[in-house]
Each structure stands twice: as structure tokens, then as C-alpha cells.
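Have a look at the structure below before the remarks.
The values are calculated or read from the model by the stated rules, or taken from the named source; none is laboratory data. Quantities reported herein were computed from a predicted structural model and do not represent experimental measurements. All Cβ positions, even for glycine, are placed from backbone atoms using ideal geometry, and neighbour counts span all protein chains on display.
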Amino acid sequence: MRKAYVKSRGFTLLEVLIALGVIGIALGAITQSIGSTINNAGYLRDKTFAHWVGMNRIAELRANGKWPSVGSSDGSEVMGNHEWYWKEKISPLNDSFKNLRRVEIEVRLDRNDKKPLVSLMTVIGRPSR
């Protein structure tokens, strides 16, 4: 009786090594992408908190009901378990707008940061009392 030999159909060692190489490259790219996403999420979180701190400062100036004095000041506010540092500059607008003041607020993650994380500008009108 004759035996029928079935040719086995499998992967060669070279094909397996190439597949593993492709998978390794893909996993490396995925890992790098996840790391970048995590960094971006942290940056956006910080930027959002800094924006809220600046908007809170503007809301305080408006709710105060007083005409803000021209000049500069700074302070800090705790939000999101972190202390944020703000600097504000209040200046008059030109002579045509004597009842308006320009307010510029910069918010930093650290007091010594050269560049602010957020810069805001608004105009506040003289209270009508």
C-alpha cells in the first residue's frame, strides 16, 4: 500500500521573523502615540485650569462694582490642587474711551515662568452709580 504524503503548509522561520518585526514596529508606534496623547491631555488640563483662574479674576473685578485702579498687581489662586500665579495690568484706553479700562491678565503654572500659560484681555466699564 502506498502512503500519501501530505505536504504541510506552515510558515517558514523567515516569515515568522518578518511578522514579528512588523508587529514590533507597530507596537512601538502605538506606544509613542499613547505617550504623546497623555502629554497633550496634561497640557490641555493645565491650560484649562489657567484659563479658569484668569476668568475668575476678571469676574471678581466685574463683580466688585468698583472702578479698577490703573496699575499692576499679582496674586495666586488654588485650583485643581495646584497654586496658579496671575499678574494683571490695568490701563486706561485712549481719550475717546475715558469710561473704559483695559485689563490684561497672565496666568502661570509657576511664579518664575517666563512665558504665561494663558493671557487674557478684556475691557471693564465704569460702574454707573
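Tell me the residue from 45, 62, 57, 9 that is among the basic types (Lys, Arg) and more than 30 Å from residue 119 (Cα to Cα), please. Quick ask: steps written out before the conclusion?
On the way: 45 fails: more than 30 Å from residue 119 (Cα to Cα); 62 fails: more than 30 Å from residue 119 (Cα to Cα); 57 fails: more than 30 Å from residue 119 (Cα to Cα).
On inspection, the qualifying residue turns out to be 9.
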Enumeration of residues in the range 72-121 that are within 17 Å of residue 60 (Cβ to Cβ) and of a type in the set (Gly, Ala, Ser): 72, 73, 75, 76
The number of residues in the range 114-129 that are in contact with a strand residue (DSSP E or B) (Cβ under 9 Å, 6 or more places away or on another chain), at pLDDT below 90 and assigned to a loop (DSSP other than H, G, I, E, B) is 1
Checked the range 92-113 for anything modelled with pLDDT of 90 or more and among the basic types (Lys, Arg); matches are 101, 102, 108, 111
Those residues of the range 111-129 which are of a type outside the set (A, V, I, L, M) and surrounded by fewer than 11 Cβ atoms within 10 Å (Cβ to Cβ) amount to 112, 114, 115, 128, 129
Index of the failed condition, residue 79 passing every other in (1) in contact with a helix residue (DSSP H, G or I) (Cβ under 6 Å, 6 or more places away or on another chain); (2) under 16 Å from residue 122 (Cβ atoms): (2)
Counting only residues in the range 68-96 that are surrounded by 14 or more Cβ atoms within 10 Å (Cβ to Cβ) and either β-branched (Val, Ile, Thr) or not in a strand (DSSP E or B) (or both), the one farthest from the chain's Cα centre (by Cα) is identified as 68
Name, by its number, the condition in (1) at pLDDT 95 or above; (2) in a strand (DSSP E or B); (3) not aliphatic (A, V, I, L, M) that does not hold for residue 52. (2)
Within the range 55-67, count every residue that is surrounded by 10 or more Cβ atoms within 10 Å (Cβ to Cβ) and assigned to a helix (DSSP H, G or I). 9
